[in-house]
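What follows is a single structure, written as structure tokens, with notes after it.
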Amino acid sequence: MLKISPEELKLVAQYIYDVSGIYLDQSKSYLFETRLGAIAAEHGCNTYKELYQKAKTDPSKIFERKIIDAISTNETLFFRDKGPFELLQHKLLPEMIDARTPNSPNLKTNIKIWSAASSTGQELYSIAIIIKELLPNSSKYSVQLLGTDISDGAVAQASRGKYNKFEMERGLPGDKLQRYFTMFGDSWTIKDEIRAMVQFKKFNLMMPFTGLGKFDIIFCRNVAIYFTLPDRQKLFNKIADSLADDGYLIIGSTESLTGICPRFIPKRHLRSIFYQKTK
Amino acid sequence: MKNMTILIVDDDPVVRKMLEKRLEKAGYEVLIAEDGYQAEKILTQQHVDVVLTDLMMPGTIGGIEVLEIAKKLNSSIEVILITAHSSVDTAVAAMKKGAADYLEKPINFDELFLRLEKIANVQSLLRNAMDISEAMDTTESVASETIQNLEIRTAELQGRLNTLEDILRDEKIDSYDRIYKALDLLEKFK
């Protein structure tokens, strides 16, 4: 494995921060080496400085994409920790449906949900499955499900909805697996009825949230942990701007907004916490 | 003793015996099935890590069907197909259905042992990864309980501080009364 020098470490860490907002601890040089070494080798770079220079000057942004794919962590599962999904199914969705159901029976109930760091799509598909089961009469409802991630590779895999057995093993109950996936060889593909409910696209959370519109429910789990404190503050401020006044925010179960965003107030439901905007 | 159970499925008694002997000598736990039906029975009853099956066998359960049965029962079972040179295309199609590998007849045992070692390595890595994720899940669930309790508690305290501030800044009330009112409130919080 190609070794990284302290000078290169500084350069590469700053570059990764600039293009993705991901703050990597420079004491973990092995992390840079294991994740970027293969890209350097593949493109015949003899040093990380060379890789950095190629990435910076490459107008096609192929290097930038590859580096982001390699650096971003895609550890995710279907129904990862049950808490947020039970919360969604039993409290947040029913309440949101009540709040959004128009008086006229001819009008549809509109709900917008955003998975802000959708990785390879498991979180958003899990949400789609819950909605499918909760709202069988779909013609009365218009539910928009958007998943965004900074990694092109993750977005592409999410859109395909195809997972290998390791990605399927934990989290997904057997009955849901049989009902919503088709097995082919060692891999599983989400059925079209679920795939048609969701949309994935590339988005960098460091950028302004223009054009996204307002959401009723936002999932932003386990992504802010890779950002610096000032960037987390900015991120949750923008999320507050993008969330309906009575909307719900769900963050990772080990994350906290204390000292990060006073515009949100935590609320407990059974064993889970969700956030709402302060009045 | 290698930590893997291998099921041999072959209708040829000579091949069966030879495979059994060599694999046992190499330290593997070996189970034997004379055809697909016996293989199915064993797979449903016992733990198997690797299935080593002939591709062409008499009856309706051939190597491909054994592969499908094994994968359906437990997707972590690895299947190696043994094939005549002429049926390589079928073997490749089987790989697409989830077979780990195929070996051409006559069996080259060095090759077989290499494949088995590779499978053993992957399975041990997999177990390791599962242990780590199990440990991570435990840590995460304990940490999340602590953090969530703190999060709620902090929000409550912040709410009380805000109320206290409101009282202390309330210019409609005499300053002594404000202090008494504030102290009353603090008393209630205890």
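The values are calculated or read from the model by the stated rules, or taken from the named source; none is laboratory data. This one's a predicted model, so the numbers in the text were calculated from it and none came from an experiment. Cβ placement follows ideal geometry from the backbone for every residue including glycine, while neighbour counts extend to all protein chains displayed. The accessibility values were calculated without ligands, DNA or RNA, using every heavy atom of the protein model including side chains. Shrake-Rupley method; radii C 1.70, N 1.55, O 1.52, S 1.80 Å.
Tabulated results
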quantity: Of all residues in the range B:135-190 being among the acidic types (Asp, Glu) and modelled with pLDDT under 90, the one that is farthest from A:PRO262 (Cα to Cα); calculated: B:ASP137
quantity: Meets criteria (open to solvent by 90 Å² or more (accessible area, probe 1.4 Å) and either within 11 Å of chain A (Cβ to nearest Cβ) or more than 30 Å from B:LYS181 (Cα to Cα) (or both)) for B:GLU117; calculated: yes
quantity: Subset of the range A:141-173 that is among the acidic types (Asp, Glu) and touching a helix residue (DSSP H, G or I) at 6+ places or on another chain (Cβ under 6 Å) - its residue that is nearest to A:LYS61 (Cα to Cα); calculated: A:ASP152
quantity: Which listed residue, of A:MET197, A:MET183, A:MET168, is in contact (Cβ under 8 Å) with a residue 40 or more places away in the chain, farther than 29 Å from A:GLU64 by Cβ and within 11 Å of chain B (Cβ to nearest Cβ); calculated: A:MET168
quantity: Any hit, the range A:185-201, residues being within 21 Å of the chain's Cα centre (by Cα), assigned by TED's automatic domain parsing to the domain that holds A:SER126, farther than 24 Å from A:GLU133 by Cβ and outside any helix (DSSP H, G or I); calculated: yes
quantity: Qualifying position, being closer than 30 Å to B:LYS96 by Cα, of a type in the set (Phe, Trp, Tyr) and touching a Gly at 6+ places or on another chain (Cβ under 8 Å), among A:PHE215, A:PHE184, A:PHE200, A:PHE227; calculated: A:PHE200
quantity: Members of the range A:31-74 found to be open to solvent by 50 Å² or more (accessible area, probe 1.4 Å), closer than 29 Å to A:GLY121 by Cβ and free of Cβ contacts under 8 Å to residues at least 12 places away in the same chain, listed by number; calculated: A:GLU42, A:SER60, A:LYS61, A:ILE62
quantity: Lone unmet requirement of (1) among the aliphatic types (A, V, I, L, M); (2) within 14 Å of chain B (Cβ to nearest Cβ); (3) more than 16 Å from the chain's Cα centre (by Cα); (4) closer than 27 Å to A:ASN110 by Cα for A:ILE250; calculated: (3)
quantity: Output for the range A:257-279, where each listed residue is among the charged types (D, E, K, R) and away from chain B (no Cβ under 11 Å); calculated: A:ARG263, A:LYS277, A:LYS279
quantity: Helices (runs of 4 or more DSSP H) fully within the range A:1-86 counting 3 or more residues that are in contact with a His (Cβ under 9 Å, 6 or more places away or on another chain); calculated: A:48-57
quantity: Some residue of the range B:102-114 being out of contact with any helix residue (DSSP H, G or I) (no Cβ under 6 Å at 6 or more places or on another chain), basic (Lys, Arg) and assigned to a helix (DSSP H, G or I); calculated: no
quantity: Scan of the range B:127-152 for residues that are of a type in the set (Gly, Ala, Ser) and surrounded by 12 or more Cβ atoms within 10 Å (Cβ to Cβ), ordered by number; calculated: B:SER133, B:SER141, B:ALA143, B:SER144
quantity: The one condition in (1) touching a residue at least 24 places away in the same chain (Cβ under 8 Å); (2) of a type outside the set (Asp, Glu); (3) open to solvent by 60 Å² or more (accessible area, probe 1.4 Å) that A:LYS267 fails to fulfil; calculated: (1)
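Here is a yes/no grid of residues against (1) in contact (Cβ under 8 Å) with a residue 12 or more places away in the chain; (2) in contact with a Cys (Cβ under 7 Å, 6 or more places away or on another chain); (3) in the same structural domain as B:ASP49 (by TED's automatic domain parsing); (4) over 22 Å from B:LEU31 (Cα atoms):
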| site | (1), (2), (3), (4) |
| --- | --- |
| B:ILE80 | yes, no, yes, no |
| B:THR90 | yes, no, yes, yes |
| B:PHE113 | yes, no, no, no |
| B:ALA120 | yes, no, no, no |
| B:ILE147 | no, no, no, yes |
| B:LEU157 | no, no, no, yes |
| B:ASP174 | no, no, no, yes |
| B:LEU183 | no, no, no, yes |
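A quick yes/no check of all residues on (1) at positive phi; (2) assigned by TED's automatic domain parsing to the domain that holds A:ILE67; (3) open to solvent by less than 60 Å² (accessible area, probe 1.4 Å):
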position	(1), (2), (3)
A:THR101	no, no, no
A:SER104	no, no, yes
A:ILE129	no, no, yes
A:GLU133	no, no, no
A:TYR141	no, no, yes
A:GLY161	yes, no, yes
A:GLY174	no, no, yes
